[in-house]
Amino acid sequence: METNYRNTNIDRFQTSQVVNTRTLLASVFTWMFIALGITTLISVLFANVEGLGNILFSEHLNAAGNLVKSPNALFWICLFAPLGLVMVINFAMEKLSFAVLLGLFFLYAAVNGVTFSVIIMSYTAASVAKVFASTCALFGVMAIAGYTTKADLTKMGSLLFIGLIGIIIATIINMFGQWSTLSLIISILGVIIFTGLTAYDVQKIKEMSTYSDGSAMYQKLGVRGALTLYLDFINIFLYLLRLFGKRD
């Protein structure tokens, strides 16, 4: 009996691709879910344990002689530290070991939890829970869509990045004007953009898996992919919270 080596090689190649894709995606979603768990745990602790929440604020008397709280240095450090951590993870990825890179990612998630606790304290616990559940459902649907679709989402991704730049500029402008209508538009566009980016990023990660060589750099891509999807999830949650969250 003759053996069709050509078909055998193709089958082996396709099987290898499937294994690589599943391995990378499993790594990405594992690190992402752990990071989200860290952020959630820290947020809940700081929002509900009075002693923890108070370390972010200092008490002082205002002009009217009333005792008020204002953000202290620790609060501002926690607010801006994530930006620095993201830059280190992205730009120093090749120089850092996998363990250090993963540690920085989890540190980033923990610091985010501290600052997010201040945000969620402004909303009722019930509305935060509902928005979180809605975010999980929306993220899950778009992640599956990005994984299963045969369409090339590259062009859509380019448009979404342009839209992302637009809402960043609009957000900066609105910091000075505080227009409620613009804030509403930004929130709606934010949900649309990061929902689309979820599908785009999952497809991009899936495509990266075809270049697997088992190297340490490939393992690091799992952390970067987890960071990317973590940011998509968090932004969807925050924009949905602004739209549907009930103030406490």
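The values are calculated or read from the model by the stated rules, or taken from the named source; none is laboratory data. These numbers come from a predicted model, not from an experiment. Cβ atoms come from the backbone with ideal geometry, glycine included; neighbour counts cover every protein chain shown.
If you check every pair at least six apart or on different chains, which have Cβ atoms under 7 Å apart with a residue in region 73-84 that is touching a residue at least 12 places away in the same chain (Cβ under 8 Å) first and a residue that is surrounded by fewer than 14 Cβ atoms within 10 Å (Cβ to Cβ) and outside any helix (DSSP H, G or I) second?
Leu74/Ile55
Of these, Asp201, Asp248, which one is over 24 Å from Phe98 (Cβ atoms) and of a type in the set (Asp, Glu)?
Result of the check over Asp201, Asp248: Asp248.
Could you tell me which residue of region 20-73 is farthest from Thr228 (Cα to Cα), considering only residues that are among the small types (Gly, Ala, Ser) and at pLDDT 75 or above?
Ala73
I'd like to check something: does region 131-146 contain any residue that is closer than 30 Å to Cys78 by Cα, touching a residue at least 12 places away in the same chain (Cβ under 8 Å) and more than 15 Å from the chain's Cα centre (by Cα)?
So far as region 131-146 goes, yes, one or more of its residues are closer than 30 Å to Cys78 by Cα, touching a residue at least 12 places away in the same chain (Cβ under 8 Å) and more than 15 Å from the chain's Cα centre (by Cα).
So is Ile186 crowded, with 18+ Cβ neighbours inside 10 Å, touching a residue at least 60 places away in the same chain (Cβ under 8 Å) and under 29 Å from Lys130 (Cα atoms) or not?
For Ile186, the condition - crowded, with 18+ Cβ neighbours inside 10 Å, touching a residue at least 60 places away in the same chain (Cβ under 8 Å) and under 29 Å from Lys130 (Cα atoms) - is not met.
Consider Val202 against the criteria (1) modelled with pLDDT of 80 or more; (2) over 19 Å from Asn90 (Cα atoms): it satisfies all of them except one. Which criterion is unmet?
It is condition (2) that Val202 fails.
Checking the condition in a loop (DSSP other than H, G, I, E, B), out of contact with any helix residue (DSSP H, G or I) (no Cβ under 9 Å at 6 or more places or on another chain) and of a type in the set (D, E, K, R), which residue from Lys150, Lys155 passes?
The conditions single out Lys150.
Go through the residues of region 144-164 one by one and say whether even a single one is over 25 Å from Gly225 (Cβ atoms) and β-branched (Val, Ile, Thr).
No; the residues of region 144-164 include none that is over 25 Å from Gly225 (Cβ atoms) and β-branched (Val, Ile, Thr).
Just a yes or no: is a residue in region 198-220 assigned to a loop (DSSP other than H, G, I, E, B), over 20 Å from Phe116 (Cβ atoms) and of a type in the set (Lys, Arg)?
Checked region 198-220: no residue is assigned to a loop (DSSP other than H, G, I, E, B), over 20 Å from Phe116 (Cβ atoms) and of a type in the set (Lys, Arg).
Mind listing whichever residues of region 116-139 are within 21 Å of Asn54 (Cα to Cα) and in contact with a Phe, Trp or Tyr (Cβ under 8 Å, 6 or more places away or on another chain)?
Answer for region 116-139, where residues must be within 21 Å of Asn54 (Cα to Cα) and in contact with a Phe, Trp or Tyr (Cβ under 8 Å, 6 or more places away or on another chain): Ser117, Val118.
Just to be sure, is Ser134 farther than 30 Å from Leu24 by Cα, polar (S, T, N, Q) and surrounded by fewer than 21 Cβ atoms within 10 Å (Cβ to Cβ)?
no
Looking at region 158-183, which of its residues are outside any helix (DSSP H, G or I) and either under 19 Å from the mean Cα position of the chain (by Cα) or surrounded by 12 or more Cβ atoms within 10 Å (Cβ to Cβ) (or both)?
Trp179
Which of the residues belonging to region 111-131 are of a type in the set (A, V, I, L, M) and surrounded by 17 or more Cβ atoms within 10 Å (Cβ to Cβ)?
Val111, Val114, Val118, Ile120, Val128, Val131
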